[in-house]
Amino acid sequence: ERVFSKVRRALENGRGEKPAVGIGSGAWEPPSDPLIRRVEEYLDERFSDKVTLEEVAKVAYMNPRYLSTFFKKKTGKGFTVYLTELRMKKALELAKNTQLKVYDISAMVGYDDARYFSKLFRETYGESIAEMRKGEGNGAT
């Protein structure tokens, strides 16, 4: 694993690639690194599950600490921030396109605690799902 990490770092440093643009930051570009693409695809398929950095690191065949550093370097976002933004983006889609209850949306995007989910949604979009659906406010609309 150490040899692999050293080779990977040497290759990265030699390419001089810019980090890919991730979720929530304007125009989206696909990640240039196949490993990051694989991690993002895994998260996109399993965002509603209890996904952990350790689990994703196993899929990527990397040490969790190294994956965390590598992921942030390539995407510009930490693992937890990226996963939260992905979940909030999916929640917004559900809130806009369905009449599901908040606790149902919460569960569908990976949160057991609907109150915590509601707090995150409001922090992310500046309004609650109910406010967004009524058209009050301007954060998520």
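Hey, quick one: spin label on Leu35, modelled 7 Å out along Cα-Cβ, who in the stretch 53-89 has an amide N within reach, i.e. under 13 Å?
Zone members listed by number: 57-75.
Could you give me the percent of Cα pairs per 5 Å distance bin for the stretch 57-101, shortest bin first, beginning at zero and ending with the bin that holds the maximum distance?
5, 21, 19, 18, 12, 10, 9, 6, 0
Viscosity 1.002 mPa s, temperature 20 °C: what is the translational diffusion coefficient of the stretch 35-132 from Stokes-Einstein with a Kirkwood Rh over Cα pairs, rounded to a whole number of µm²/s?
So the translational diffusion coefficient is about 152 µm²/s.
Using the heavy atoms of the protein chains and a 1.4 angstrom probe, tell me the accessible area per residue for the stretch 59-98 in square angstrom.
Accessible surface, normalised per residue, equals 49 Å².
Measure up Lys58/Lys119; Lys73/Lys96; Lys58/Lys101; Lys90/Lys119; Lys74/Lys101 against 24 Å on the Cα-Cα distance and list the ones that go over.
Lys58/Lys119; Lys73/Lys96; Lys58/Lys101; Lys74/Lys101
Under the definition of Cα pairs under 8 Å and six or more residues apart, what whole-number percent is the relative contact order of the stretch 35-112?
On the way: 54 pairs, mean separation 25.6, N = 78.
Relative contact order, the stretch 35-112: 33 percent.
Whole-Å semi-axes of the stretch 71-123's equivalent ellipsoid, largest first, each the root of 5 times a Cα gyration tensor eigenvalue?
They are 23, 11, 8 Å, listed largest first.
The values are calculated or read from the model by the stated rules, or taken from the named source; none is laboratory data. Note that the structure is a prediction, hence the values are computed from the model and not measured. All Cβ positions, even for glycine, are placed from backbone atoms using ideal geometry, and neighbour counts span all protein chains on display. All accessible areas refer to the heavy atoms of the entire protein, side chains included, with ligands and DNA or RNA removed. Shrake-Rupley method; radii C 1.70, N 1.55, O 1.52, S 1.80 Å.
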